[in-house]
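S.K.: Here you go, one structure.
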Amino acid sequence: MKALIVYGSRSGATREIAGEIGRVLSEQGYAVTVEDARRSKGLDVNRFDLVVVGSSVFMTMWKRHATAFLKRNAKALAVKNVALFSSGTAGGDPALADYARESIAKVARKFPEIRPVALAYFGGYLDFNDRGRIDRFFGAVRQDFEKKGIDTGRPIDQRDWAAIRVWAIGLATKVRSTVQEMAQA
Ligand SMILES: Cc1cc2nc3c(=O)[nH]c(=O)nc-3n(C[C@H](O)[C@H](O)[C@H](O)COP(=O)(O)O)c2cc1C
């Protein structure tokens, strides 16, 4: 069983999520390739039993190269086991659970030929001291965190590694049984 994980990431937070999913899938017996969406052009998705595509979200949008990967490979992915995930602050706030679910479902709906076997919106990572990242979004979001009593003087890491691992294990199991069923048919 071969798995490909393609990620879009600005500062590395989503790259680490992709890496963790990759580690779980290899523990589950998959041969894993993890690739930055920016370097995904030459990849042949046909070689894989499972393709996981994820991106961090900025101003409600996926990173351009991650979306481009889906667009470029939509036809080939139509007959593959595909899982999609977003990562960002919306995924780390239980009050936004409905919004997060709808938001990742919307990414999937942009590519109707792809029918994902799993969707997720994981929490993200924010460092308000990262001067290069300060813009209007940061001001509004920072106030939001402060109102909830969260110290924004330090990096906020909302990534729930246990939830990420549980999702990846579920995915590994689901795809393994689908592939076995198809082999027996
Ligand atoms: C300018 C800006 C806009 C953002 N917009 C969103 C957003 O619309 N939804 C969301 O969930 N997270 C949003 N985030 C949070 C990022 O997605 C989060 O920090 C993510 O973990 C970054 O991952 P990366 O380093 O892999 O790119 C935003 C962050 C910044 C700096």
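S.K.: Beta carbons within 10 angstrom, averaged per residue: use that to sort the peptides 148-156, 52-60, 1-9, highest first. Intermediate results must be reported in sequence, preceding the final value.
M.R.: Values: 148-156: 11.6, 52-60: 21.6, 1-9: 23.6.
The peptides rank, most packed first, as 1-9, 52-60, 148-156.
S.K.: How would THR14, THR178 line up from fewest to most surrounding beta-carbon atoms within 10 angstrom? Kindly include the intermediate steps, with their values, before the conclusion.
M.R.: Working: THR14 28, THR178 14.
Placing the least packed residue first, the sequence is THR178, THR14.
S.K.: Most mobile of TYR30, TYR99, TYR125 per a Gaussian network model of the chain (Cα springs, under 10 Å)?
M.R.: TYR99
S.K.: Using Cα pairs closer than 8 Å and at least 6 residues apart in sequence, work out the relative contact order for the chain, in percent. Walk me through the intermediate numbers first.
M.R.: Working: 299 pairs, mean separation 39.7, N = 185.
Relative contact order of the chain: 21 percent.
S.K.: Also: Among the listed pairs LYS2/LYS106; LYS75/LYS174; LYS2/LYS75; LYS41/LYS174; LYS63/LYS110; LYS2/LYS71, which are separated by more than 25 Å between their Cα atoms? Intermediate results must be reported in sequence, preceding the final value.
M.R.: Details: LYS2/LYS106 27 Å; LYS75/LYS174 22 Å; LYS2/LYS75 19 Å; LYS41/LYS174 28 Å; LYS63/LYS110 14 Å; LYS2/LYS71 21 Å.
Among LYS2/LYS106; LYS75/LYS174; LYS2/LYS75; LYS41/LYS174; LYS63/LYS110; LYS2/LYS71, the Cα-Cα distance tops 25 Å for LYS2/LYS106; LYS41/LYS174.
S.K.: How far apart, in nm, are two points set 7 Å out from the Cα along the Cα-to-Cβ line at MET182 and at GLU102?
M.R.: Here the modelled spin labels are 3.3 nm apart.
S.K.: Please list, in order, the residues from the range 107-132 whose amide nitrogen is less than 18 Å from a point placed 7 Å along the Cα→Cβ vector of PHE58.
M.R.: 124-132
S.K.: Using r as the Cβ-Cβ distance of ALA76 and ASP144, and R0 as 35 Å, what FRET efficiency do you calculate, to the nearest 0.05? Let's see the in-between values first.
M.R.: Working: r = 40 Å, r/R0 = 1.15.
Taking R0 as 35 Å, the efficiency between ALA76 and ASP144 is 0.30.
S.K.: While we're here: Just report the Cα centroid separation between the range 152-170 and the range 55-120, whole Å.
M.R.: For the range 152-170 versus the range 55-120, the Cα centre distance is 17 Å.
S.K.: Follow-up question, since we're still on this one. Ranking PHE48, PHE138, PHE111, PHE85 by Cβ neighbours within 10 Å, fewest first, what do you get?
M.R.: Details: PHE48 23, PHE138 15, PHE111 20, PHE85 27.
Arranged by neighbour count, lowest to highest, PHE48, PHE138, PHE111, PHE85 become PHE138, PHE111, PHE48, PHE85.
Rule-based calculations on the coordinates, nothing more; no lab input. For clarity, every value in this text was computed on a predicted model and none was experimentally measured. Note that we place each Cβ from the backbone using ideal geometry, even for glycine, and neighbour counts take in every protein chain shown.
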